[in-house]
Amino acid sequence: MSSFPAMSTVEDVVRDLIERVARVAFVVAPPVLRIALALPFFKSGLTKWDGFLSLSPAAAYLFEDEFKLHILGHAYDFPFPAVFAYFDGIAEIVLPVLLILGFATRFSALALLAMTGVIQLVVPEGWANFHLPWAALAVALVALGPGKLSLDHLVASLCRPRVVSGRGRQ
């Protein structure tokens with residue numbers, strides 16, 4: 001007797017197991033990526049507000065006096081610091097909520113990637129520990145999309161034209 005049939009069966013079992021794990025990972029990975037990217041931004045956004053649409057004095061102070069854009073070896077003040085502080089505070093709340101829900105996922109991830117780029121200009125030494133992982137999460141979400149466990153997927157499935165057999169599109 002040869003061991004080839006048994007080996008083929010083991011290979012089939014391993015291949016089947018890997019395919020099942022990959023299918024589960026394909027469903028689970030996007031929501032995990034969305035949550036991992038959303039949490040640090042949302043937590044930061046919570047510190048920017050003293051109430052509904054009431055920017056905290058600390059947030060305004062950061063953009064007016066502390067945060068500088070480090071470009072080509074020079075530090076520059078933010079133009080319109082109050083506007084940037086307000087925009088940042090709104091974006092750090094709204095975009096993570098959209099990500100968690102999986103709604104406008106690619107747009108939200110791209111916007112957070114752009115914010116990460118600006119943060120990199122403000123805090124250049126944070127690249128390896130914070131900005132690189134955030135950028136990687138954002139790029140992965142732009143590439144992979146929201147996944148099946150998302151409002152984007154639900155909306156797309158509801159808007160997809162349905163074909164009834166023999167009648168064409170409805």
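The values are calculated or read from the model by the stated rules, or taken from the named source; none is laboratory data. As the structure is a computational prediction, the values presented were derived from the model and not from experiment. Don't worry about glycine lacking a Cβ; one is built from the backbone with ideal geometry, like all the others, and counts go over all protein chains shown. All accessible areas refer to the heavy atoms of the entire protein, side chains included, with ligands and DNA or RNA removed. Shrake-Rupley method; radii C 1.70, N 1.55, O 1.52, S 1.80 Å.
Structure data summary
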| item | result |
| --- | --- |
| Qualifying aspartates and glutamates (Cα of each under 20 Å from Cα of K48; at least 8 residues distant if same chain) | E64, D65, E66, D77, D88, E92 |
| Alpha-carbon spread of the chain, three principal axes, descending order, Å | 79, 51, 29 |
| Acute angle (nearest 10 degrees) that the helix 81-101 long axis makes with the longest principal axis of the chain, alpha-carbon atoms | 20 degrees |
| Zone of F103's modelled label, taken as backbone nitrogen in region 65-97 under 19 Å from a point 7 Å along Cα→Cβ | 90-97 |
| Rounded tilt (10° steps) of 132-144 against the dominant C-alpha axis of the chain | 50 degrees |
| Reciprocal of mean inverse Cα separation for region 1-88 (Kirkwood radius, Å) | 17.9 Å |
| Paired Rg and Dmax values of region 82-167, which use every Cα atom, in angstrom | 16.8, 63 |
| Per residue solvent-accessible surface (Å²) - region 76-170, probe of 1.4 Å | 61 Å² |
| Residues V163 and R23, FRET efficiency given R0 of 22 Å [Cβ-Cβ distance, rounded to 0.05] | 0.30 |
| FRET E, pair S56, V142, Förster distance 30 Å, beta-carbon r, rounded to 0.05 | 0.45 |
| Cα centroid separation, region 118-138 to region 75-97 (Å) | 16 Å |
| Accessible surface of Y86 - all protein chains present, 1.4 Å probe, nearest 10 Å² | 80 Å² |
| Qualifying trypsin sites (Lys or Arg not before Pro) in region 107-169, DSSP loop, other Cβ atoms within 10 Å at most 14 | R162, R167 |
| The chain: calculated mean residue ellipticity at 222 nm from DSSP helix runs of at least 4, using -39500 (n - 2.57) | -21500 deg cm²/dmol |
| Rounded to 10°, Cα long-axis angle of helix 4-46 versus longest principal axis of the chain | 20 degrees |
